[in-house]
Amino acid sequence: MTKKFYAQALIEALTETAEEDPGFALIGRGILGHGAHAHFDKPLMERFGDRITDPPTSEGAVASMAIGAAMAGTRMFCHFGTASFTLEAVNQLIHEAGVAHSMSGGQIKVPLVFHMYHGLRRGGAGQHSSSPQSMYANNPGLQMIMPTTPRDAKGMLRAALKCDSPTLYIDHGALLGTEGEVPDEPYEVPLGRADIRREGSDITIVATSRAVLWAVEAAERLAAEGIDAEVVDPRSIVPLDAEAIVTSIRKTGRLVTVDEGYQMCSIGSEIAALAAERAMDALKGPVARVARPPVPVPFSPPLEEAMTPGPDRIIAAVKATFA
Amino acid sequence: MIAPPAAQDRAAILHCMILMRRFEEEVLRIAQDHPYVGRQHLHIGHEATGAAVVSQLTPDDLFHTTHRNHGYVIARGADPGRAFAEIMGRKDGLNGGRGGPWHLCDRSAGFLSTSAMVGGSVGLAVGAGFGLKTQGSNAISITHFGDGTLDEGICFEALNLASIFSLPVLFLCENNAKEGQRPSSMLAAKALRDLPQALQIRAIVVDGRDADAVAEGAKEAVARIRGGAGPVFLQTNLERWPGSHQTKPEFPTGVTDLSLAWEEDRIEGKHADWVREHDGLRAYAKTLVDDGSLSRERVLEMDREVLELLAKAREFAEASPYPDPDSLMADVFA
Ligand SMILES: Cc1ncc(C[n+]2csc(CCOP(=O)(O)OP(=O)(O)O)c2C)c(N)n1
Ligand SMILES: [Mg+2]
């Protein structure tokens with residue numbers, strides 16, 4: 001094991017895939033964004049820069065190009081930058097990549113990972129802050145990963161790049177600078193297995209992507225007040241590890257969900273529905289969802305702050321389920 | 001409110017250009033003083049295009065702009081204090097703090113959309129043109145955008161609609177790259193105008209650093225559109241300002257010194273070439289002084305007046321509070 005930045009681990013997955021598969025191709029600019037950790041893409045750029053196509057600002061056609069290439073047999077990684085920009089390519093993602101395998105009667109494969117940064121980013125306002133995960137999860141045929149540790153970022157990206165179904169990798173820029181242990185030997189983290197980020201007995205908090213960091217912080221603060229929270233990180237949304245989530249809810253008897261998307265039909269709503277379907281008899285209190293309220297993201301810092309589902313709002317929600 | 005410059009009034013165009021430049025310089029200072037203000041896409045170096053086009057419009061014309069919007073919003077008469085306040089996310093901002101620097105909106109100055117989705121405003125402007133036509137209005141719709149916007153598929157579709165339905169739309173393309181090249185665009189077309197021309201849209205190409213040339217091109221374009229001849233594509237070629245894509249607020253070409261218009265020997269520094277050859281503001285001040293339209297003193301006096309006005313505007317913005325977090329859910333539905 002070696003301690004690494006999330007940004008490094010992500011790039012390692014791409015570099016190792018490129019080493020293994022001489023046909024592997026990438027599309028996109030600035031895979032690690034423009035922040036303090038952007039330079040960690042160097043090992044990839046130096047060795048495999050010639051595999052990376054820098055596209056014009058044409059998200060719809062670029063997505064189609066990646067999908068078509070994957071259908072033709074090229075393993076692809078397509079980076080979009082801000083998740084908001086993928087809304088220019090929704091039709092291609094949902095109605096082309098998502099349906100191709102099934103609609104062709106299993107003949108066509110789309111070995112492709114789409115990478116994007118979702119979420120509130122301070123000042124992104126109404127058009128650069130999208131967290132589209134539940135919207136995409138609402139459609140069949142698209143896998144979705146949201147790793148939150150360097151180990152999972154590398155291992156899940158490796159796994160997604162090896163499989164023949166299209167996968168959305170919905171990432172958050174705030175994770176790039178987080179650090180963690182990464183195995184030195186080759187490994188994969190299979191999709192569809194949740195991780196218990198903190199064990200606890202009083203309440204289950206299911207959080208995704210950056211919200212996992214908030215949930216862990218909230219759990220530490222709650223521990224000081226005598227509430228022992230378990231934090232479950234599903235890591236992949238499609239497929240979803242319903243078993244692990246239900247097991248945790250049945251153990252604690254309480255559930256708070258946290259995600260950065262809008263509450264209506266959110267990932268949290270799906271988890272809450274699981275609790276209602278499969279753990280109703282074990283629930284000791286109401287389920288609470290912490291998410292964005294339904295308002296376009298305002299630029300003004302205190303307004304953006306007020307809609308952010310951070311630790312304070314999680315703690316308040318946890319306490320409310322005990323009231 | 002500052003009145004938009006009267007048509008054909010060259011001194012007013014210069015005044016408007018100074019206002020646009022000094023406004024953006026103050027935005028840079030604001031971004032240095034308030035780190036959260038985030039990323040700015042300044043309109044510096046585009047003033048000759050902006051002020052000259054705006055001089056040919058009427059208050060009823062509808063405007064659609066982009067992430068690089070500040071110059072247009074100010075040139076069309078939006079209150080600079082409220083514009084600063086918006087950029088700072090304050091309650092008295094043009095959008096009540098909801099939009100920030102990428103989305104300044106002033107309906108009273110004719111703005112319908114300031115979209116930071118590349119291509120977003122182009123489609124909406126075609127829609128406004130359709131609306132104006134169905135209303136029997138004499139006003140026209142303008143969409144300002146950059147060369148890179150033509151990378152997006154919506155531009156093809158929107159240009160096609162405007163042409164087919166002969167809509168009153170001015171497509172104003174500020175080309176701040178070498179024809180279709182990085183850093184802002186990647187187009188296989190050899191000339192940007194080939195794209196609208198293939199769709200039977202008249203294209204006019206002018207030097208975007210030369211306010212007189214832009215005013216003339218815009219005059220012809222607006223007359224055609226208002227006369228019912230359908231859309232026009234006006235392309236203004238610019239040389240990208242070295243700070244146009246910065247992540248940290250910096251003054252790469254220095255704070256503007258208008259006396260460099262007649263003291264060219266003093267131009268120096270890493271980006272001296274941009275200041276000497278490509279700064280439309282410096283060039284226009286020089287033109288108007290050289291041809292006797294304005295005295296040097298009058299140019300400097302205009303500059304001082306603008307700076308005073310903007311100092312007051314900044315004070316207004318600084319004094320404005322943040323919106324109350326309890327107002328978060330306001331204005332979601334009309
Ligand atoms: C749909 C979409 N894709 C990508 C971006 C990121 N982006 C912001 S500005 C820009 C370049 C725009 O170039 P151009 O239209 O020439 O304007 P300039 O900044 O050069 O004035 C890009 C790609 C975006 N805002 N929206
Ligand atoms: Mg450009």
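Within segment B:96-108, does at least one residue satisfy the condition of being within 16 Å of ligand 2 (Cβ to nearest atom) and either modelled with pLDDT of 95 or more or buried (at least 24 other Cβ atoms within 10 Å of the Cβ) (or both)? Yes, segment B:96-108 has at least one match. Pairing residues of segment A:40-69 that are within 10 Å of chain B (Cβ to nearest Cβ) and outside any loop (DSSP other than H, G, I, E, B) with residues that are among the aromatic types (Phe, Trp, Tyr) and surrounded by 16 or more Cβ atoms within 10 Å (Cβ to Cβ), at Cβ distances under 6 Å and at least 6 apart in sequence or on separate chains, gives A:GLU59/A:PHE85.
Entry remark, segment A:69-108: residues being surrounded by fewer than 18 Cβ atoms within 10 Å (Cβ to Cβ) and not aliphatic (A, V, I, L, M) number 9 in total.
Taking the conditions exactly as written (within 13 Å of chain B (Cβ to nearest Cβ) and under 24 Å from the mean Cα position of the chain (by Cα)), does A:VAL110 satisfy them or not? It is false that A:VAL110 is within 13 Å of chain B (Cβ to nearest Cβ) and under 24 Å from the mean Cα position of the chain (by Cα).
For segment A:120-143, the set of residues classified as part of a loop (DSSP other than H, G, I, E, B), in contact with a strand residue (DSSP E or B) (Cβ under 7 Å, 6 or more places away or on another chain) and more than 16 Å from ligand 1 (Cβ to nearest atom) consists of A:LEU120, A:SER131, A:LEU142, listed by residue number. For A:ALA36, are the conditions met, namely being free of Cβ contacts under 8 Å to residues at least 12 places away in the same chain, surrounded by fewer than 21 Cβ atoms within 10 Å (Cβ to Cβ) and away from ligand 1 (no atom under 12 Å from the Cβ)? No: the conditions fail for A:ALA36.
Suppose the filter is out of contact with any Asp or Glu (no Cβ under 6 Å at 6 or more places or on another chain), in contact (Cβ under 8 Å) with a residue 40 or more places away in the chain, outside the structural domain of A:GLN133 (by TED's automatic domain parsing) and crowded, with 21+ Cβ neighbours inside 10 Å; does A:ILE267 pass it? Judged against the criteria, A:ILE267 is not a match. Residues that are open to solvent by less than 10 Å² (accessible area, probe 1.4 Å) and of a type in the set (Gly, Ala, Ser) were ranked within segment B:275-312; the one that is farthest from B:ARG209 (Cα to Cα) is B:ALA285.
Checking the stated criteria, B:THR253 turns out not to satisfy the condition of being in a loop (DSSP other than H, G, I, E, B), open to solvent by 70 Å² or more (accessible area, probe 1.4 Å) and among the polar types (S, T, N, Q). Being within 14 Å of B:VAL27 (Cβ to Cβ), modelled with pLDDT of 95 or more and aliphatic (A, V, I, L, M) is a property that B:ALA83 has.
Which one is farthest from ligand 1 (Cβ to nearest atom) among residues in segment B:118-149 that are surrounded by 24 or more Cβ atoms within 10 Å (Cβ to Cβ) and of a type in the set (A, V, I, L, M)? Per the stated criteria, the residue is B:ILE140.
Residue check: B:GLY153 meets all listed conditions (1) more than 8 Å from chain A (Cβ to nearest Cβ); (2) open to solvent by 10 Å² or more (accessible area, probe 1.4 Å) but one, namely (1). There is no residue in segment A:297-313 that is within 20 Å of the chain's Cα centre (by Cα), surrounded by fewer than 19 Cβ atoms within 10 Å (Cβ to Cβ) and more than 14 Å from chain B (Cβ to nearest Cβ).
For segment B:156-186, filtered to residues that are within 12 Å of ligand 2 (Cβ to nearest atom) and open to solvent by less than 30 Å² (accessible area, probe 1.4 Å), the residue that is modelled with the lowest pLDDT is B:GLY180.
B:VAL73 meets all of the listed conditions (1) surrounded by 24 or more Cβ atoms within 10 Å (Cβ to Cβ); (2) within 14 Å of chain A (Cβ to nearest Cβ) but one, namely (2).
The values are calculated or read from the model by the stated rules, or taken from the named source; none is laboratory data. Not measured: the values here are computed from a predicted model. Note that we place each Cβ from the backbone using ideal geometry, even for glycine, and neighbour counts take in every protein chain shown. Note: accessible area is taken over every heavy atom of the protein model, side chains too, but ligands, DNA and RNA are not part of it. Shrake-Rupley method; radii C 1.70, N 1.55, O 1.52, S 1.80 Å.
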